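Undergrad: This is the structure I have questions about; it appears just below.
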Amino acid sequence: MHFAGMMKKRVVIGLSGGVDSSVAALLLKEQGYDVIAVFMINWHDKTGVLKGDCPWDEDVMFAEMVAKKIGIPFYITDYSSKYREKVVDYMFAEYQRGRTPNPDILCNREIKFNEFFSVLETYNADFVATGHYCRRAVSEMDGQQVYSLLKGVDPGKEQSYFLCQLNQYQLSKTLFPIGHLHKTEVREIAQKAALPSAAKKDSQGICFVGKVDLPAFLQQKLDPTEGMVIEIPGDWKGFEKDPAEPLTLRDTCKPWMFSPESGHIAGRHQGAHFYTIGQRKGLNIGGKEKPLFILATDTERNIIYVGQGQDHPGLYRPGLFIQDHDIHWIRPDKEMTDGSERECMVRIRYRQPLQAARLIKSGEGMFIVFKEPQRGITPGQFAAWYEEDELTGSGVINA
């Protein structure tokens with residue numbers, strides 16, 4: 001899209017210093033937009049951050065160099081107090097409850113696509129833009145514009161899952177300049193333009209915090225407390241019911257229930273709230289035929305349940321449940337009514353291949369039953385559902 005002979009549309013790009021947002025800014029400039037770059041500082045505390053993995057000190061220098069190279073204004077803004085309040089404090093609270101939050105999705109919902117939207121007014125802008133690998137589509141329905149969130153074309157970098165909590169207004173004001181590209185193409189564009197970030201490695205870890213030693217990070221607010229590690233035998237059966245009785249939908253979509261009597265003591269740990277379902281590392285219990293994986297955590301009694309091997313039946317469940325107030329529709333016109341069912345493709349974690357599932361809406365929430373049992377369904381994480389290339393809704397996994 002070009003704007004020859006007309007007033008340029010102004011776009012504020014969240015410039016992180018990485019190659020993705022750098023190329024996004026470059027493409028917007030080449031397309032004729034009036035581009036302004038803003039670097040977000042969201043975190044200052046380095047407690048628990050791994051040595052040599054500074055969240056933003058180096059990034060801000062790269063961002064400023066990129067803006068200068070492209071020839072666009074560069075500004076810095078600080079949302080650290082809001083980030084602590086809306087993302088980090090939420091993380092601590094969820095871990096204390098024995099749930100595993102997704103800070104990247106929260107950061108997008110609460111900071112990048114909420115607090116950051118204040119730049120629209122600050123700089124009198126028409127849009128904000130990011131370097132996410134996803135796409136936006138616009139259609140018309142009953143005389144109103146409807147915005148759709150589509151998967152990015154690069155299956156290895158596709159990031160729509162991280163934006164599963166966006167709403168229609170946020171999508172109406174957002175551009176995704178690189179969603180139609182593969183990562184290799186983005187690198188090539190950066191190299192040809194001699195952008196300072198062309199060879200910069202992708203960031204990892206918690207959004208804006210960086211890679212962390214999670215127990216050390218959580219110990220800022222959560223105290224270590226020694227408890228039992230209970231090993232569940234490999235021949236454990238998930239449904240302890242009369243096989244002649246049919247399983248109810250609630251049975252199918254609830255977590256496995258373990259007790260100390262279900263297995264034997266395999267060791268000790270320093271706090272159930274420091275661990276998450278499916279985790280392998282950090283237990284420091286050896287002498288087993290197969291590696292131990294965490295099957296469940298009980299933060300009330302401070303017990304961790306583990307099983308040997310990644311094929312342990314306790315790691316797999318046929319379904320999950322989302323409470324009604326945690327269901328979010330990007331496309332409100334797609335919202336399901338109580339008693340309705342829909343076949344969709346569902347993702348319960350980033351990079352997981354989409355899984356065939358049936359969505360069943362009831363008055364209390366959403367039941368999701370998978371065609372094949374899923375490994376490591378984790379309360380606190382997000383389930384996102386797709387219809388072909390479009391992400392239409394999502395919700396926080398309750399059970």
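The values are calculated or read from the model by the stated rules, or taken from the named source; none is laboratory data. Here the structure is a predicted model, which is why all the values come from computation and not from measurement. A quick note on method: Cβ atoms are made from the backbone with ideal geometry, for glycine too, and the neighbour counts reach across all protein chains shown. What goes into the accessible areas is simple: the full protein's heavy atoms, side chains included, and nothing from ligands, DNA or RNA. Shrake-Rupley method; radii C 1.70, N 1.55, O 1.52, S 1.80 Å.
Undergrad: What is the Cα radius of gyration of the stretch 94-172 over 2.2 N^0.38 Å, N being its residue count?
TA: Taking the Cα Rg and dividing by 2.2 N^0.38 Å, one obtains 1.27.
Undergrad: Ignoring any ligand, DNA or RNA, what whole percent of the accessible area of the chain comes from carbon and sulfur when the probe is 1.4 angstrom?
TA: Carbon and sulfur: 49 percent of the exposed surface of the chain.
Undergrad: Consider just the alpha-carbon atoms of the stretch 292-338 and return their Rg together with their Dmax, both in angstrom.
TA: Calculated on Cα positions, Rg and Dmax stand at 16.7, 45 Å.
Undergrad: To continue, here is another question. When DSSP assigns beta bridges and you keep just the ones with both residues in the stretch 220-310, what percent turn out antiparallel, to the nearest 5?
TA: Percent antiparallel among DSSP bridges in the stretch 220-310 is about 75.
Undergrad: How big is the stretch 81-121 by Rg and Dmax over its Cα atoms, in Å?
TA: When restricted to the Cα atoms of the stretch 81-121, Rg and Dmax are 11.4, 40 Å.
Undergrad: In what sequence, largest accessible area first, do Met257, Met7, Met61 appear using a 1.4 Å probe?
TA: The ordering from most to least exposed comes out as Met7, Met257, Met61.
Undergrad: State the label only: which of (i) 21.9; (ii) 22.8; (iii) 21.3 corresponds to Kirkwood radius over Cα pairs in Å computed from the shown model?
TA: Computed from these coordinates, Kirkwood radius over Cα pairs in Å corresponds to label (ii).
Undergrad: Additional query: Based on the alpha carbons, how large is the Rg to Rh ratio for the stretch 292-399 when Rh follows Kirkwood?
TA: Here Rg/Rh amounts to 1.00.
Undergrad: Also, I was wondering about something else. Note down the net charge around Pro373, summing +1 for each Lys or Arg and -1 for each Asp or Glu among other residues with Cβ under 13 Å from its Cβ.
TA: +1
Undergrad: Here's a follow-up. For the stretch 316-356, what does the accessible surface come to per residue with a 1.4 Å probe? Please give it in Å².
TA: 52 Å²
Undergrad: So, by mean Cβ neighbours within 10 angstrom, what's the order for 379-386, 334-341 with the highest one leading?
TA: So the order, starting with the most tightly packed, is 379-386, 334-341.
Undergrad: Can you give the calculated 222 nm mean residue ellipticity of the chain, where each DSSP H run of n ≥ 4 adds -39,500 (n - 2.57) and the sum is split over every residue, rounded to the nearest 500 deg cm²/dmol?
TA: Mean residue ellipticity at 222 nm (helix-derived): -4500 deg cm²/dmol.
Undergrad: Another question, then. Can you pull the accessible area of Asp324 for me, 1.4 Å probe, Å² to the nearest 10?
TA: Only protein atoms counted, so the area is about 70 Å².
Undergrad: Where the centroid of each part is defined by its Cα atoms, how far is the stretch 319-346 from the stretch 134-190 in Å?
TA: After rounding, the separation between the Cα centres reads 21 Å.
Undergrad: Shifting gears a bit: Quickly rank 138-148, 308-318 as a protection proxy: mean count of other C-beta atoms within 10 Å, highest first.
TA: In descending order of packing, they fall as 308-318, 138-148.
Undergrad: Next up: In terms of the ratio Rg/(2.2 N^0.38 Å) built on C-alpha atoms, what value belongs to the stretch 236-373?
TA: It is 1.21.
Undergrad: Once you compute Rg and the Kirkwood Rh from C-alpha atoms, what is the Rg to Rh ratio for the stretch 345-395?
TA: That ratio is 0.92, to two decimals.
Undergrad: Any idea what the relative contact order of the chain is, in percent, if you count C-alpha pairs under 8 Å spaced at least 6 apart?
TA: 16 percent
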